[in-house]
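Worksheet for the structure shown next.
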Amino acid sequence: MGRFRVVVGSPSWQLNGVNVFAEHLTRGLVQRGIDAHIFATEHDTWLVQLPKELMPFPSDIPKVEINTPHQATWEEHWYRTIKYVESLAPCIYLPNSDFRHSCVTPLLSKNVCVVGLIQGDDPIHYEHVHRLGRYWDAIVCVSEEIADKVARQDADYRPRIHSIPNTVVVPPTCPTRERRPADPLRIVYHGVFNTYQKRILHVADILAELENRGVPFRMTMAGLGPQKDELLDRCRRWIDNNQFDYRGIVAHHAIDELLRENDVYIMTSAFEGMPHAVLEAMSQGCVPVVTDIDSGIPELVRDGVSGFRVPVGDTVAFADRLEELHRNPDQLQRMSWGSHHAILQSRFNVDAMVDAYLKLFDKVFDASAQGRFQRPNGTILPPPAVVNGLSIFPCETMGYIWQTEKLLAEVPAIPGAKPTQPRSLIRRWWRALTYRS
């Protein structure tokens with residue numbers, strides 16, 4: 001089976017690109033004969049509130065759920081996380097975006113190699129690596145832009161930074177689409193419905209602009225998120241006219257078929273890492289019309305060739321590009337081929353990603369075993385309560401706060417971060433500290 005096990009962290013199987021990445025990587029590793037699985041830490045806990053609907057978990061990859069009672073404290077979660085990961089040593093641990101459990105990495109022994117991932121171009125992910133990167137054997141960034149920003153933020157991390165993009169399974173030929181010139185433009189979005197990152201309410205503004213121009217369309221949306229009801233309310237007249245189809249959460253294995261049914265994929269996000277949804281769309285020849293953001297998109301979409309890039313928030317520009325594709329079916333076909341070719345002939349396929357991770361795992365495992373790199377020892381470093389206005393560590397539910405004055409000083413100042421209030425006692429961590437000794 002290989003020299004080590006691989007543990008891929010996931011707090012819960014919510015709808016997001018990070019879990020899609022975890023699925024692709026874990027499946028690819030298992031297919032290569034590596035003992036790998038998903039480690040779920042927040043599937044059943046009173047500490048955080050999960051969405052009512054989660055993605056169906058794939059039946060062909062293994063998963064282990066943290067063994068804590070529903071009413072367990074963060075202290076108990078952290079202790080059991082350490083105990084479980086150490087029980088698998090020698091192993092590779094990828095906390096992924098499990099922000100509330102990655103804080104145990106300073107306590108892990110040298111028999112556990114930690115590969116941290118930065119999945120997004122936003123303050124939450126940069127705070128994550130800034131606080132814990134010194135305790136990671138390697139730092140993987142999903143785009144060149146993110147890798148450059150991490151290196152500029154923490155120059156000492158530069159030797160351990162690696163850029164490995166998220167990827168998809170790509171069909172060998174571009175799927176064909178039956179479409180007559182008079183047919184409405186078939187537009188699709190699948191993913192999270194929120195305004196903080198996805199700016200999802202802009203979709204309604206884009207559709208209104210198309211309607212005003214007399215451009216026929218059919219919009220299909222799949223997913224879930226906090227702004228779902230507001231978006232559907234704004235789109236009610238198109239729903240009633242059968243121009244708008246809301247599918248709910250679509251199982252990941254059915255996404256490719258959904259994309260093949262449509263001509264264009266739109267993404268209105270203010271930021272991304274390496275967006276899986278765009279990768280999936282392009283791999284199926286669904287032309288991306290997306291925001292021209294710093295991370296991921298410049299590596300994926302060549303404007304006018306494999307898709308269109310428009311300024312964030314410019315709903316008129318979105319409508320311009322969509323109208324252009326509707327009026328020019330030959331251009332739509334050329335760009336469909338171009339989007340598929342851009343993914344097929346690149347490093348954005350799953351086999352290339354699995355190869356890159358296996359090479360990295362061997363490198364960090366050998367460096368640790370031979371003493372070329374040893375992570376420093378530390379103590380548990382919980383995340384701030386709030387980063388950039390978003391709740392990350394809901395410690396107010398506990399009735400007490402974990403961080404000490406010393407630890408508060410160790411957490412670097414990140415723009416937009418609001419640290420937790422300090423407490424003076426270290427009693428909260430005695431189990432983890434005792435286990436480490």
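Just so you know, all these numbers are worked out from the coordinates, no wet-lab data involved. If you're wondering where the values come from, they're calculated on a predicted model, not measured in any experiment. All Cβ positions, even for glycine, are placed from backbone atoms using ideal geometry, and neighbour counts span all protein chains on display.
Taking R0 as 41 Å, what FRET efficiency do you get between Val64 and Ser346 from their Cβ-Cβ distance, rounded to the nearest 0.05? The partial results should precede the final answer.
Working: r = 33 Å, r/R0 = 0.81.
Efficiency, from the Cβ-Cβ distance: 0.80.
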*Describe numerically, in nm with one decimal, the distance between label points set 7 Å from Cα along Cα→Cβ at Asp294 and at Glu178.*
4.7 nm
*Determine by what factor the alpha-carbon radius of gyration of region 185-344 differs from 2.2 N^0.38 Å, reporting the quotient.*
0.93
*For the chain, what is the mean residue ellipticity at 222 nm derived from helices alone (per DSSP H run of n ≥ 4: -39500 (n - 2.57); sum divided by total residues; nearest 500 deg cm²/dmol)?*
-10500 deg cm²/dmol
*Calculate the spin-label point distance for Asp320 paired with Lys359, positioning each point 7 Å from the Cα along the beta-carbon direction, and give it in nanometres.*
4.1 nm
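What's the longest piece of the chain with no exposed chymotrypsin sites (Phe, Trp or Tyr not before Pro), counting a site as exposed if DSSP puts it in a loop and it has at most 15 other beta carbons within 10 Å?
Working: sites that count: Trp46, Tyr400.
Looking at the chain, 47-399 is the longest stretch - no exposed chymotrypsin sites (Phe, Trp or Tyr not before Pro) with at most 15 other Cβ atoms within 10 Å.
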*asked:* How would Thr195, Thr73, Thr176, Thr81 line up from fewest to most surrounding beta-carbon atoms within 10 angstrom?
replied: Thr176, Thr195, Thr73, Thr81
*Taking the Cα-to-Cβ direction at Asn328 and at Ala367 and moving 7 Å from each Cα, how far apart do the two end points lie in nm?*
4.7 nm
_Residue-by-residue Karplus 3J(HN,Hα) for region 76-92, coefficients 6.51, -1.76, 1.60, Hz, glycine and proline x_ = 5, 4, 5, 4, 6, 5, 4, 4, 5, 4, 5, 5, 9, 4, x, 8, 10
*Could you state the per residue volume, in Å³, of the convex hull enclosing the Cα atoms of the chain?*
136 Å³
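Grab the beta carbon distance between Asp240 and Asp148, set R0 = 51 Å, and tell me the FRET efficiency rounded to 0.05. Could you put the intermediate results ahead of the total?
Values: r = 47 Å, r/R0 = 0.93.
Efficiency computed from Cβ-Cβ geometry: 0.60.
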*Enumerate the amide H contacts of Thr220 below 5 Å, restricted to partners 5 or more residues apart or on another chain; note that Pro and chain-start residues carry no placed amide H.*
Ile187, Val188, Tyr189, Asp245
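Residue separation times 0.36 nm, minus the C-alpha to C-alpha distance between Trp337 and Leu201: what's the value?
Details: separation 136, 0.36 × 136 = 48.96 nm, distance 2.95 nm.
Extra length from Trp337 to Leu201 when fully extended: 46.0 nm.
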*Phi to ³J(HN,Hα) by Karplus 6.51 cos²θ - 1.76 cosθ + 1.60 over region 264-270, Hz, x for Gly, Pro*: 9, 10, 10, 9, 9, 4, 7
